[in-house]
Amino acid sequence: MKIAVIDYKMSNIFSIQNALEYIGLECIVTQNPKKIIEADGAILPGVGSFPKAMQHLKDLNLTEVIKEFISTGKPFMGICLGLQLLFSKSTEFTDCEGLNIINGKVENLSKYIPNVTVPHVGWNTIIKNERKSFSNIKSSIMSRSFEKDHYYFVHSYIVEPDDINHIFTKTRYSGFDFCSSVLVDNVFACQFHPEKSGPKGLMFLNKFFR
C-alpha cells in the first residue's frame with residue numbers, strides 16, 4: 001500500500017515516514033493533490049496551533065482534497081493536531097472553523113482541569129469506548145487489540161465530538177476522561193502519537209492501513 005503523508009508545513013513528518021516504512025508500507029510525503037487522491041491511504045499529521053494549520057491548508061488548496069480523499073472510502077488517519085483539524089471548530093486563541101468532517105469542537109484541556117499542568121505530556125493508557133456495536137469489521141478488529149495499552153501524548157487541547165458514538169477510545173488525565181481517538185467510517189484519528197509509541201503504536205498503524 002502507498003500512504004500519503006500530507007505535508008502542510010505544520011509537523012515533523014519524518015517519524016511517521018520511518019514508522020510506515022518500518023512496517024512495510026510505501027510512504028510519500030506530499031502536498032500534491034493528485035498524489036494524495038491516488039494514494040491507498042492518507043495521514044494528516046500536525047503540531048502547532050489550529051488557526052495557523054487551517055490557514056496553511058487553505059493556502060495550499062488542501063481542504064477540499066482532504067474531503068475528497070475521505071469520500072473515496074480509503075483509510076484516512078489524523079494524528080494529534082491532525083485529529084483536531086477534522087472537527088467543526090476550535091477555541092484555540094480565537095474561534096476558528098475547522099474542516100468540519102466530524103461535528104464537534106476543540107477545547108483547551110485546562111478548561112476542565114484548571115489546577116493541573118497542561119500540556120499533557122508522556123505515556124498514558126487508552127480505554128475503548130463501550131459502544132453497543134461497531135460499524136465495520138475493521139473497527140471490530142481494532143477494538144479487540146488495544147485495550148489499556150500505553151501511547152505517547154503531547155497536547156493542550158482536546159476534541160469533543162457531538163456524537164459520543166464517534167468516540168473510539170478515552171484517556172484519563174488527572175481524573176478527567178477525554179476523547180483520545182475517534183473512528184467514523186473510514187476515518188480514524190487520535191490525540192496520541194502512534195508513530196512515537198513503540199511496538200504497540202506500529203501495530204496500530206499496521207492494523208488500520210492493512
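At a 1.4 Å probe radius, which order do E68, E160, E92 fall into by accessible area, largest first?
Largest accessible area first, the list is E68, E160, E92.
Keeping all protein chains in place, calculate the accessible area per residue for the chain (probe 1.4 angstrom), answer in Å².
In whole numbers, the chain has 46 Å² accessible per residue.
Hey, in the GNM for the chain with a 10 angstrom Cα cutoff, which one of F192, F93, F50 fluctuates hardest?
Looking only at F192, F93, F50, the largest GNM fluctuation is found for F93.
Which value in deg cm²/dmol, rounded to the nearest 500, describes the helix-derived mean residue ellipticity at 222 nm for the chain, given -39,500 (n - 2.57) per DSSP H run of n ≥ 4 and division by the residue count?
Using -39500 (n - 2.57) per qualifying helix, the result is -7500 deg cm²/dmol.
What does the extension gain come out to for E97 and S174, with contour length at 0.36 nm per residue minus their alpha carbon separation?
Working: separation 77, 0.36 × 77 = 27.72 nm, distance 2.91 nm.
Contour length minus Cα-Cα distance gives 24.8 nm.
Which percent of the accessible heavy-atom area of the chain goes to carbon and sulfur, probe 1.4 angstrom?
49 percent
If the chain between K207 and K35 were fully stretched, how many nm would it gain, using 0.36 nm times the residue separation less the Cα-Cα distance? Before the final figure, lay out each step's value.
Values: separation 172, 0.36 × 172 = 61.92 nm, distance 2.29 nm.
So the extension gain works out to 59.6 nm.
Can you figure out the FRET efficiency of E130 with K89, using R₀ = 35 Å and their beta-carbon distance, to the nearest 0.05?
The calculated FRET efficiency here is 0.80.
Go through segment 29-35 residue by residue and turn each phi into a ³J(HN,Hα) via Karplus (6.51, -1.76, 1.60, θ = phi - 60°); whole Hz please, and just put x for glycine and proline.
9, 7, 10, 7, x, 5, 5
With a point put 7 Å past each Cα toward its Cβ, work out how far K2 is from V47 in nm, to one decimal.
2.8 nm
Can you compute the modelled spin-label distance between V121 and S156, with each label point 7 Å from Cα toward Cβ, in nm?
1.2 nm
With springs only between Cα atoms under 10 Å apart, run a GNM on the chain and tell me which of K200, K170, K111 wobbles the most.
K111
The values are calculated or read from the model by the stated rules, or taken from the named source; none is laboratory data. Quick caveat: nothing in here was measured; it's all calculated off a predicted structure. All Cβ positions, glycine included, derive from the backbone under ideal geometry; neighbour counts span all protein chains shown. Accessible surface areas use protein heavy atoms only, side chains included; no ligands, DNA or RNA. Shrake-Rupley method; radii C 1.70, N 1.55, O 1.52, S 1.80 Å.
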